[in-house]
1. Is it the case that GLU60 is open to solvent by less than 70 Å² (accessible area, probe 1.4 Å), among the acidic types (Asp, Glu), at pLDDT 95 or above and over 22 Å from GLU169 (Cα atoms)?
2. Could you tell me whether any residue of segment 26-37 is among the polar types (S, T, N, Q), touching a residue at least 40 places away in the same chain (Cβ under 8 Å) and open to solvent by 90 Å² or more (accessible area, probe 1.4 Å)?
3. Would you confirm whether or not segment 22-29 contains a residue that is of a type in the set (A, V, I, L, M, F, W, C), at negative phi, modelled with pLDDT under 95 and over 13 Å from the mean Cα position of the chain (by Cα)?
4. Considering only segment 83-107, state which residues are open to solvent by 70 Å² or more (accessible area, probe 1.4 Å) and out of contact with any strand residue (DSSP E or B) (no Cβ under 6 Å at 6 or more places or on another chain).
5. Of ALA143, ALA129, which residue is closer than 23 Å to MET27 by Cβ, in a strand (DSSP E or B) and either basic (Lys, Arg) or touching a Ser or Thr at 6+ places or on another chain (Cβ under 9 Å) (or both)?
6. For residues in segment 162-194 being surrounded by 19 or more Cβ atoms within 10 Å (Cβ to Cβ) and of a type in the set (S, T, N, Q), which is nearest to GLU109 (Cα to Cα)?
7. Tally up the residues in segment 108-161 that are out of contact with any helix residue (DSSP H, G or I) (no Cβ under 9 Å at 6 or more places or on another chain), open to solvent by less than 50 Å² (accessible area, probe 1.4 Å) and touching a residue at least 60 places away in the same chain (Cβ under 8 Å), please.
8. Report, by residue number, each residue of segment 38-57 that is closer than 14 Å to ILE6 by Cβ, open to solvent by 20 Å² or more (accessible area, probe 1.4 Å) and hydrophobic (A, V, I, L, M, F, W, C).
Amino acid sequence: MSTLKIAAVFSDKAAAEEVANLSQSLMFEASAEATQHLPFAALVLGTSPRLMDLKKRKDEGLYLVNERTLLNQPLSALNQDMLPASVGIFPMVANADIGPEAADRHWHEQHATIALEVHTAMTHYYQLAVMHKFSGEDWNGLALCCFANEDDLRNKFYDSSEGKRRVAEDVAKFADTQRSPRRVVTRLVGHYTD
């Protein structure tokens, strides 16, 4: 299942929280206190037209995304008890050798299968394919790999060293591993988690 949504990335957690509350959207906040070394401090994801007001702000990233649900149910269909606790968000820049369309096709049709086989502790898995960038970095997608807690995300991400190798080899086929930013470990906060 896939759904069009607006994704906004922020360098300031407080600004993101304000937007998430006004737009009744989900907010994924970096679990790290210091975030200067991260590609973003928070991601707000929703369908509210209020998110489009962010087009006027040039200090944040704003994207129209296609949310593809690969494990569990769509985020908007989950009640508070079913939402993921810890989410690794991986911004993806397409491998220039194959281009954005082929990269997205590989990511969706081939990599998803490997991810589901290797990330056995994952509770939810979503791909946010960027359909249009209004502002921000030139990302082609964001993977949301969700776990029951941060310890599982950090220590049970792969089922084995062989699984880790398989994922790395496959990611290099569709993503530019030099230009794709590092993962951001987040926790879900905001409207749906009062």
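The values are calculated or read from the model by the stated rules, or taken from the named source; none is laboratory data. If you're wondering where the values come from, they're calculated on a predicted model, not measured in any experiment. Cβ placement follows ideal geometry from the backbone for every residue including glycine, while neighbour counts extend to all protein chains displayed. Side chains are part of the model used for accessible areas, which takes the heavy atoms of the whole protein and leaves out ligands, DNA and RNA. Shrake-Rupley method; radii C 1.70, N 1.55, O 1.52, S 1.80 Å.
1. Numbers: open to solvent by less than 70 Å² (accessible area, probe 1.4 Å): yes; among the acidic types (Asp, Glu): yes; at pLDDT 95 or above: no; over 22 Å from GLU169 (Cα atoms): yes.
Spelling it out, it is not the case that GLU60 is open to solvent by less than 70 Å² (accessible area, probe 1.4 Å), among the acidic types (Asp, Glu), at pLDDT 95 or above and over 22 Å from GLU169 (Cα atoms).
2. First, pick out the residues of segment 26-37 that are among the polar types (S, T, N, Q): 31, 35-36.
Those left that are additionally touching a residue at least 40 places away in the same chain (Cβ under 8 Å): 31.
From the residues that got through so far, the ones that are open to solvent by 90 Å² or more (accessible area, probe 1.4 Å) too are none.
Checked segment 26-37: no residue is among the polar types (S, T, N, Q), touching a residue at least 40 places away in the same chain (Cβ under 8 Å) and open to solvent by 90 Å² or more (accessible area, probe 1.4 Å).
3. There is at least one residue in segment 22-29 that is of a type in the set (A, V, I, L, M, F, W, C), at negative phi, modelled with pLDDT under 95 and over 13 Å from the mean Cα position of the chain (by Cα).
4. Kept after step one, since they are open to solvent by 70 Å² or more (accessible area, probe 1.4 Å), are these residues of segment 83-107: 96-98, 100-101, 105.
Passing the criteria: ALA96, ASP97, ILE98, GLU101, ARG105.
5. Numbers: ALA143 fails: either basic (Lys, Arg) or touching a Ser or Thr at 6+ places or on another chain (Cβ under 9 Å) (or both).
Only one candidate qualifies: ALA129.
6. Among residues in segment 162-194 that are surrounded by 19 or more Cβ atoms within 10 Å (Cβ to Cβ) and of a type in the set (S, T, N, Q), the one nearest to GLU109 (Cα to Cα) is SER180.
7. Pass one, segment 108-161, residues out of contact with any helix residue (DSSP H, G or I) (no Cβ under 9 Å at 6 or more places or on another chain): 108-109, 112-113, 116, 128, 131-133, 136-139, 142, 148-156, 161.
Now restrict to residues that are open to solvent by less than 50 Å² (accessible area, probe 1.4 Å): 112, 128, 136, 139, 142, 152-153.
Narrowing further to those that are touching a residue at least 60 places away in the same chain (Cβ under 8 Å): 128, 136, 139, 142, 152-153.
Adding up the residues that qualify gives 6.
8. MET52
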